[in-house]
1. Taking the stretch 246-260 as the search range and keeping residues that are without any contact (Cβ under 8 Å) to a residue 40 or more places away in the chain and surrounded by fewer than 23 Cβ atoms within 10 Å (Cβ to Cβ), which one is nearest to the chain's Cα centre (by Cα)?
2. From the list A43, A59, pick out the single residue that is out of contact with any His (no Cβ under 6 Å at 6 or more places or on another chain), closer than 30 Å to P122 by Cβ and in a helix (DSSP H, G or I).
3. Tell me which residues, restricted to the stretch 16-37, are in a helix (DSSP H, G or I), aliphatic (A, V, I, L, M) and free of Cβ contacts under 8 Å to residues at least 60 places away in the same chain.
4. Does A410 satisfy being surrounded by fewer than 19 Cβ atoms within 10 Å (Cβ to Cβ), touching a Pro at 6+ places or on another chain (Cβ under 9 Å) and assigned to a helix (DSSP H, G or I)?
5. Could you list, in sequence order, the residues of the stretch 214-233 that are more than 17 Å from L245 (Cβ to Cβ), in contact with a helix residue (DSSP H, G or I) (Cβ under 8 Å, 6 or more places away or on another chain) and not acidic (D, E)?
6. If you scan the stretch 130-176, which residues turn out to be among the hydroxyl-bearing types (S, T, Y) and within 23 Å of A418 (Cα to Cα)?
7. Out of the residues in the stretch 381-404 that are of a type outside the set (A, V, I, L, M), in contact with a Leu (Cβ under 8 Å, 6 or more places away or on another chain) and over 17 Å from R351 (Cβ atoms), state the one that is modelled with the lowest pLDDT.
8. What pairs come out if I take residues in the stretch 300-319 that are more than 28 Å from D104 (Cα to Cα) and pair them with residues that are of a type in the set (S, T, N, Q) and in a helix (DSSP H, G or I) whose C-beta lies under 9 Å away, six or more apart or interchain?
Amino acid sequence: MSDSGSGGVRLDEPAVIGRRVLRLRTELGLTQRQLAEPAYTPAYVSTLESGKVRPSEAALRHLAERLGVTSEELATGRPARLAAELRLRLTDARRALATGAPEDAAPLFRALYAEAVEHALPGEQATALLGLGDCLLESGELDDAHECFASVERLLADEPLPRRVPAIRGRANAHRLTGELRYACYLLETALDQLNASGLQDPDALLLLYTASIAPYMDMGAHERAAHAAELAIALAPRVDDPALLAGMHRGVARTLIAQGRIAEADASLAKAQDLYRQLHIRTELAHCHWMRGYVHAQDGDLARAENELRTAYDMLTAKRAALFAEQVEVELADVLRRRGKVQEAEALLRPLLAVGTEAAEAPGATDIPEARSLRAGRGTVHVGAAHRLLGLIAEECGDTAAAEEHYRAALPLLERAGVAGDLAGLCCLLGDLLRRTGRTEAALDAYRTGLAHRATPGTTTLGPAPAPPLM
């Protein structure tokens, strides 16, 4: 245990160092003269032990050598190599998250954080909280994840901005998953502008931010801005050595290629990401690649391959107990199953996802489900809206126009709140068509007008100026 003093006294205050020197000298049976000579006097050691003087670096080195400890341990009370050992154990915890379940890795990060707090190691505290935040993201505890990432930013407030970028990215992801797309973009763009304005041209930090911005841009329908972010990420890639960052870049770029109809290139980009994630044994991100390849095949009309990829992604995420992502994959899989004519199987996947006791509790059919799962508004908002849309399509195909309309109307506020312009426009078109077929022409026109309004403002018009590009 390290000395901590009383009343919150810092470890490196003169009084604390003095008590530490006295304790170590007494344990070794040395006199003040034996400790001091030849470089110092017994009077200096006495003054130091009474806490009246702060030892210089040279004095710390001399005293530490005589006392058989390192100068860092003498100055801070931390055992020798503690920080290095903590960092190794943090790496092990990160590996446990990559290969196993977030709920198993989370206690490791919590314990390491407590140890880092005990020994006043703010850098290691931040690393532990960053890992814990990633665990909470995977398990869908988005509010707690947000608080972890915000705590990291506070801990590193005096550090250069690149050190805080992983936490900013994490906080933006938490906001994106709760449907706060514009705020996620704001966080990422603000950090990019600050990095570029300050001249802190850190390629790793810039690549992380540009890659992270692609998903909320795409969700909002800001495809041009997403494509520009992808271009800048590709330009930065040759200056980055971290394979995990490069894998994330390939995965993000693939999403912009899909939107441009460049399906073969998107699939090739995802294959590169998959190879890197396999080498790194990062199973969650590897599952995300299978998920995206399933989407690619669905866009290309190859529904059998799409179903296979999505089932692979779902099995991997379920094995890792990454609940939120597994539930989101179920929505994508249900769409493919519906398109393949497996309507009952698709409906069986979707209905339990609209959990009781939330904004979705009043959704059609939700109250009949005894063991409803947890996908709902505030925890994957975009996918909740997609689930309602799919259930509406299924109801229409079964001739139940009343249930279809209920689902479409349940999806509208969810997608509107998230600002998912393209999806919202498509949903308004579905609702308008249904209303027109049932003879409600004026209501249909209102739905079409709403959809056109959202299509006319695809996101870039409400985001403000794009961040300035970096000096390559």
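The values are calculated or read from the model by the stated rules, or taken from the named source; none is laboratory data. If you're wondering where the values come from, they're calculated on a predicted model, not measured in any experiment. Counting neighbours? That spans all protein chains shown, and the Cβs are built from the backbone with ideal geometry, glycine included.
1. Only one residue tops the list, namely L246.
2. A59
3. I17, V21, L22, L24, L28, L35, A36, listed by residue number.
4. Details: surrounded by fewer than 19 Cβ atoms within 10 Å (Cβ to Cβ): no; touching a Pro at 6+ places or on another chain (Cβ under 9 Å): yes; assigned to a helix (DSSP H, G or I): yes.
Judged against the criteria, A410 is not a match.
5. Correct list: P216, Y217, M218, M220, G221, A222, H223, R225, A226, A227.
6. So the first thing to find is which residues in the stretch 130-176 are among the hydroxyl-bearing types (S, T, Y), and the list is 139, 151.
Residue satisfying the conditions is S139 alone.
7. Filtering the stretch 381-404 for residues that are of a type outside the set (A, V, I, L, M), in contact with a Leu (Cβ under 8 Å, 6 or more places away or on another chain) and over 17 Å from R351 (Cβ atoms), the one modelled with the lowest pLDDT comes out as T381.
8. From the stretch 300-319, the pairs are A306/Q299.
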